[in-house]
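See below for the structure under consideration.
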2 protein chains.
Amino acid sequence: MTTISFARGVPAPECIPVELLADCARAVVERDGATVLSYGSPAGYEPLREWIAERHGVEPGRVLVTNGSLQGLVFLAKRFAGERVLLESPTYDRPLKILAAAGVEVVAVAMDEEGLELEGLEEALASGDKPAFLYTIPTFQNPSGRTLTSERRRRLVDLAREHDLLVLEDDPYGLVRFDGEAPPTLFELDGGEHVLYSSSFSKTIAPGLRVGYFVLPAGLERELEALAVSTYITPALLGQATVFEFLRRDSLEPNLERIRPLLAARRNAMLESLERELPDARWSRPEGGYFIWLELADGADTATLLARAGSAGVSFVPGTDFGGAPNTARLAFSFVSPDEIREGVRRLGSLVAEPVSV
Amino acid sequence: MTTISFARGVPAPECIPVELLADCARAVVERDGATVLSYGSPAGYEPLREWIAERHGVEPGRVLVTNGSLQGLVFLAKRFAGERVLLESPTYDRPLKILAAAGVEVVAVAMDEEGLELEGLEEALASGDKPAFLYTIPTFQNPSGRTLTSERRRRLVDLAREHDLLVLEDDPYGLVRFDGEAPPTLFELDGGEHVLYSSSFSKTIAPGLRVGYFVLPAGLERELEALAVSTYITPALLGQATVFEFLRRDSLEPNLERIRPLLAARRNAMLESLERELPDARWSRPEGGYFIWLELADGADTATLLARAGSAGVSFVPGTDFGGAPNTARLAFSFVSPDEIREGVRRLGSLVAEPVSV
């Protein structure tokens, strides 16, 4: 029995525009090979920096393009080593590990269905040293799939101003919305004074290109750029230039229109199957992104469940990996097909219903 | 007056096979796009790992391909943080900074015209804690252009065995040899037990691709791979796959044959010009690579000289940046044309001859 993976937060192969990217890669080396194939700016391929800058209404000097956005977070963690960083709980496990490994003190703030709980944030701000920043994924969060409501976004930006708090808005999923109206980003609400913004082209074009970016205050951009120089001189420009060629051809919006229904069909299959197979559980209902957050009945333990899930032919990531409760799990609907999702959730349902043999 | 740069240790634009790489990039995305454009092994593009492994006679699991070889050194520095590392003096400034920034204690061992002085190495081994490793660039060293003699190579490998010393042989320039016979690498002499090997395709194909690699003991490879995962999940695969396609087409050797005379002409122009313009100075005479090490008369100060070099229209890197003496400088002949080299060394000669106005 082949295992159906709800563990992999990656796009299904059919989401990746292979032919188009092959042509973009060729075209950009032919047109701008001398630049793409040489050492260049440590902050990334200049035309791409300019495109990103224009999109976010800032100067190109505020944009740092990195080998995937985690690499930028590694620089940021290094810059703020020894300081205190607030983050929502549960949260994406990789930043959690990167921050901790860099010697950053991480302080978790609870979330509910509407995203980060602002009362919890105020409490965290009132106690202890002033944090270096708050790390948040306000839209289709990894792992919970939750989205911070518009009202809370406004209040969060107000709080950031009041407390002179830096907020890092990590937004890789925002453009992968299937339905509903997009709330404004924190960056838009704030105007980029207290909010740092990061995103990537992993979910909108292709993850293997490893092109992430940060929009930062100019001074901080220069500090991280110095860390980039001493790590890799210049980031991998071929992927960045291929992304730029893709954007230059106005292929982003058509590609998003192509992948949204592919992902929506997967989310729908998962929501419908959960309804059918897991009557006693609760789960998030995201309007986009890759993930659904599953909450089993109190007392259930998804880590124990996972140990038996292998033989049942289904996999997922236990919520505790993200700082969540023992009865939670992250289900990624992005990678497998709708049919596999239906079958995988059926297997999950049997697993949950099955009495545990001791 | 345009400044002639002997500071940039990068290939001249004509050394980069732009058209061929454009086709390789397109071909590899078309052929293997699903792999290249997705997340993959944190250790790099598998077919490239296999190619490198075969070239060095090891298992693919011992090969770590990184976003440029400095990135791998960053992982290695992290792994050995707090320990002691020996390196030759002068040495490439970026590793020096990476090691120091990671909290590694660096201990310099002197070099002469024949490379690392082994008596100095023995002294360093006899005093203080056992070092984590020795970092060396035995062939066409950056910055000195010097090559460790065959006899010293054998003695160094013997010493490594005697003292159970790890040696990191950084060898980006070895294949860029214009004349003379190549001595065996330390890795070849040792069989890869005490010698770790690193290289890149920056000097043999193109630096902007950012493809470096390490050949390591399997256990150490796994440890660094774990650091790679938590830094960028997967390295930038498009450049790695493009390199593999280039290799698969047997384009490496023809490309080396094409660029060797381009670089040899530059080295020759520099050696001849130095003979003519700087009668009181000494310099290295490399049989390959990118650099010549200049030693002015005792009491000269290249940092002071550099301050006046801007208005004279020539630039270089003072030797002190690499831990060298104040009267030394690194001259890169790789980037500018032979005519520019002749004119640049003429300017340098006037500068050296000119009495300093106080």
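The values are calculated or read from the model by the stated rules, or taken from the named source; none is laboratory data. This is a predicted model, so every value here is computed, not measured. All Cβ positions, even for glycine, are placed from backbone atoms using ideal geometry, and neighbour counts span all protein chains on display. In case anyone asks, the SASA skips ligands and DNA or RNA and just uses the protein heavy atoms, side chains included. Shrake-Rupley method; radii C 1.70, N 1.55, O 1.52, S 1.80 Å.
Quick notes
- Value of relative contact order over the range A:1-94, rounded to a whole percent, pairs C-alpha under 8 Å and six or more apart: 14 percent
- Separation in nanometres of the label points that stand 7 Å from Cα toward Cβ, at A:ASP164 and A:ASP301: 4.8 nm
- Cβ neighbours within 10 Å from other chains - mean over B:16-24: 5
- Think of a 1.4 Å ball rolled over the protein heavy atoms: the protein assembly as shown then has 37 Å² of accessible area per residue.
- Taking all Cα pairs closer than 8 Å and separated by 6 or more residues, the relative contact order of the range A:17-248 comes to 29 percent.
- Most mobile listed residue (B:THR328, B:THR231, B:THR242) in chain B, GNM with C-alpha springs under 10 Å: B:THR231
- Residue with peak Gaussian network fluctuation, chain B [Cα springs, cutoff 10 Å], from B:VAL157, B:VAL211, B:VAL65: B:VAL157
- Two-site label geometry, A:ARG282 and A:GLU59: point separation in nm, points 7 Å out along Cα→Cβ: 4.8 nm
- Estimated buried accessible area (total), pair A and B, 1.4 Å, Å² to nearest 100: 3500 Å²
- Note on B:205-214: average number of Cβ atoms from other chains within 10 Å of each residue's Cβ is 5.
- The 3J(HN,Hα) values that the Karplus relation (6.51, -1.76, 1.60; θ = phi - 60°) gives for the range B:180-188 are, in residue order, x, 9, 6, x, x, 6, 4, 4, 5 Hz. Gly and Pro appear as x.
- Prolate/oblate/rounded call for chain A, Cα gyration tensor, a/c under 1.5 rounded: oblate
- What a 1.4 Å probe finds exposed on chain A is 49% carbon and sulfur by accessible area, rounded to a whole percent.
- What the phi angles of the range B:340-345 give under the Karplus curve with 6.51, -1.76 and 1.60, with θ = phi - 60°, is a coupling list of 5, 4, 4, 5, x, 5 Hz, glycine and proline written as x.
- The range A:277-291 versus the range B:269-310: alpha-carbon centroid distance in Å: 69 Å
- Inter-centroid distance (Cα atoms) of the range B:171-249 relative to the range A:110-124, Å: 47 Å
- Dipole orientation for the protein assembly as shown: of the candidates A:PRO338, B:SER273, B:ALA102, A:PRO338 has the Cα lying most toward the positive pole (charges on Cβ; Lys, Arg +1; Asp, Glu -1).
- Sites B:LEU256 and A:GLU14 - FRET efficiency at Förster radius 35 Å, r taken between beta-carbons, to 0.05: 0.30
- Members of A:LYS78/A:LYS203; A:LYS78/B:LYS130; A:LYS203/B:LYS203; A:LYS97/B:LYS97; A:LYS78/B:LYS78 lying beyond 22 Å, as alpha-carbon distances in this model show: A:LYS78/A:LYS203; A:LYS78/B:LYS130; A:LYS203/B:LYS203; A:LYS97/B:LYS97
- Spin-label pair B:SER350-B:ASP179: with each label point 7 Å from Cα along the Cα-Cβ axis, the two points sit 3.0 nm from one another.
- Most mobile of B:VAL107, B:VAL243, B:VAL336 in a GNM of chain B (Cα contacts under 10 Å): B:VAL107
- Shape class of the range A:168-211 from the alpha-carbon gyration tensor: oblate, with a/c at 1.5 or above and b/c at least as large as a/b.
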